[in-house]
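Right, one structure below, let's go through it.
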Amino acid sequence: RKTAVFRHIYADPQRSELFLQYMAGQTALLSDAIARLKQPEFRSTNGFQRVSSGEVLIRQGDEADHVFVIIEGHAEAFVDGQKVGDVPKDEIFGAMAVFTGERRDASIVRSKPSTIMRIAKDQFMSLAQSNPKIAGSLIESMARRIDLLNKQVTQLTAQKTTN
């Protein structure tokens, strides 16, 4: 009976993707519930977290040990104290440094109270390797970000040459 259910789920790519998203959400909720029951010194830093406005999620120069997803809310990116961008709802952030092994190149600060999902580096890497759709989505997001940055550089260069 269980085999038939899983065959049905995985027979359709869309059903399969929805099931994986559902399971990832359930795992995060369970992780969060267990973390709340543990003694504070043993609590996991993974799972869903409610964060206050102004709270620093990533500090420029720190090691990359987690990847984040904004479930609800908004954040801003800063380099050397200068705002360089926004991080909207549903955005995965912090992954670039996790992939490259380099230190964080920007600080990410909550602009209003929000809910985030925090995923440990090793868990994220395992998830990205086992689910090509997640990796593809992340690559697409990074490509959009790079394209936006290229356009900004082009605009700045054009402004400098006209001045």
### Query
What number of residues within the range 76-97 are in contact with a His (Cβ under 8 Å, 6 or more places away or on another chain) and over 14 Å from Ile116 (Cα atoms)?
1
## Note on the structure
Taking the range 92-110 and keeping only residues that are crowded, with 16+ Cβ neighbours inside 10 Å and part of a loop (DSSP other than H, G, I, E, B), one is left with Gly94, Arg104, Ala106
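Among the residues that make up the range 120-143, is at least one of them outside the structural domain of Gly25 (by TED's automatic domain parsing), without any contact (Cβ under 8 Å) to a residue 60 or more places away in the chain and part of a loop (DSSP other than H, G, I, E, B)?
Within the range 120-143, the first condition is being outside the structural domain of Gly25 (by TED's automatic domain parsing), and the residues that meet it are 120-143.
Checking the rest, the ones that are also without any contact (Cβ under 8 Å) to a residue 60 or more places away in the chain come to 121-122, 124-126, 128-130, 132, 134-143.
If we keep only those that are part of a loop (DSSP other than H, G, I, E, B) too, we end up with none.
So far as the range 120-143 goes, no, none of its residues is outside the structural domain of Gly25 (by TED's automatic domain parsing), without any contact (Cβ under 8 Å) to a residue 60 or more places away in the chain and part of a loop (DSSP other than H, G, I, E, B).
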### Summary
Over the range 128-163, the set of residues among the hydrophobic types (A, V, I, L, M, F, W, C) and over 15 Å from Gly94 (Cα atoms) is Leu148, Leu149, Val153, Leu156, Ala158
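Of the residues that sit in the range 28-57 and are of a type in the set (S, T, N, Q), over 16 Å from the mean Cα position of the chain (by Cα) and closer than 17 Å to Gln123 by Cβ, which one is modelled with the lowest pLDDT? Before you say what the answer is, go through the steps one by one.
Taking the range 28-57 first, the residues of a type in the set (S, T, N, Q) are 31, 39, 44-46, 49, 52-53.
With the extra rule that they be over 16 Å from the mean Cα position of the chain (by Cα), the set shrinks to 31, 39, 44, 52-53.
If we keep only those that are closer than 17 Å to Gln123 by Cβ as well, we get 31, 44.
On the way: Ser31: 66, Ser44: 49.
The residue in question is Ser44.
Of all residues in the range 105-120, which are closer than 22 Å to Arg50 by Cβ and not hydrophobic (A, V, I, L, M, F, W, C)?
First, pick out the residues of the range 105-120 that are closer than 22 Å to Arg50 by Cβ: 107-120.
Across the range 105-120, the qualifying residues are Ser107, Arg110, Ser111, Lys112, Pro113, Ser114, Thr115, Arg118.
Test Ser137 against the criterion of being surrounded by fewer than 14 Cβ atoms within 10 Å (Cβ to Cβ), within 30 Å of Gln14 (Cα to Cα), within 13 Å of the chain's Cα centre (by Cα) and modelled with pLDDT under 85, and give yes or no. First the steps, then the outcome.
Values: surrounded by fewer than 14 Cβ atoms within 10 Å (Cβ to Cβ): yes; within 30 Å of Gln14 (Cα to Cα): yes; within 13 Å of the chain's Cα centre (by Cα): yes; modelled with pLDDT under 85: yes.
The answer is yes for Ser137.
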#### Entry: Which listed residue is crowded, with 17+ Cβ neighbours inside 10 Å, small (Gly, Ala, Ser) and closer than 18 Å to Lys112 by Cα, from Gly73, Gly47
Gly73
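Might you let me know whether the range 92-103 holds any residue that is assigned by TED's automatic domain parsing to the domain that holds Gly61, farther than 28 Å from Leu20 by Cα and more than 12 Å from the chain's Cα centre (by Cα)?
Yes, there is a match, as at least one residue in the range 92-103 is assigned by TED's automatic domain parsing to the domain that holds Gly61, farther than 28 Å from Leu20 by Cα and more than 12 Å from the chain's Cα centre (by Cα).
Could you tell me which residue of the range 69-81 is modelled with the highest pLDDT, considering only residues that are over 17 Å from Gly54 (Cβ atoms) and part of a strand (DSSP E or B)? It would help to see each step written out before you state the result.
In the first step, residues of the range 69-81 are kept if they are over 17 Å from Gly54 (Cβ atoms); the result is 69, 71, 79-80.
Applying the additional criterion that residues be part of a strand (DSSP E or B) yields 69, 71, 79.
Details: Val69: 86, Ile71: 86, Val79: 90.
My answer is Val79.
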### Task
Could you give me the residue pairs with C-beta distances under 7 Å whose first residue belongs to the range 1-29 and is of a type in the set (S, T, N, Q), whose second residue is modelled with pLDDT of 80 or more wherever it lies, and which are 6+ apart or on separate chains?
Ser16/Ile9; Ser16/Tyr10
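The values are calculated or read from the model by the stated rules, or taken from the named source; none is laboratory data. The model shown is predicted, which means the values in this text are computed figures rather than measured ones. Note: ideal-geometry Cβ built from the backbone for every residue, glycine included; neighbour counts use all protein chains shown.
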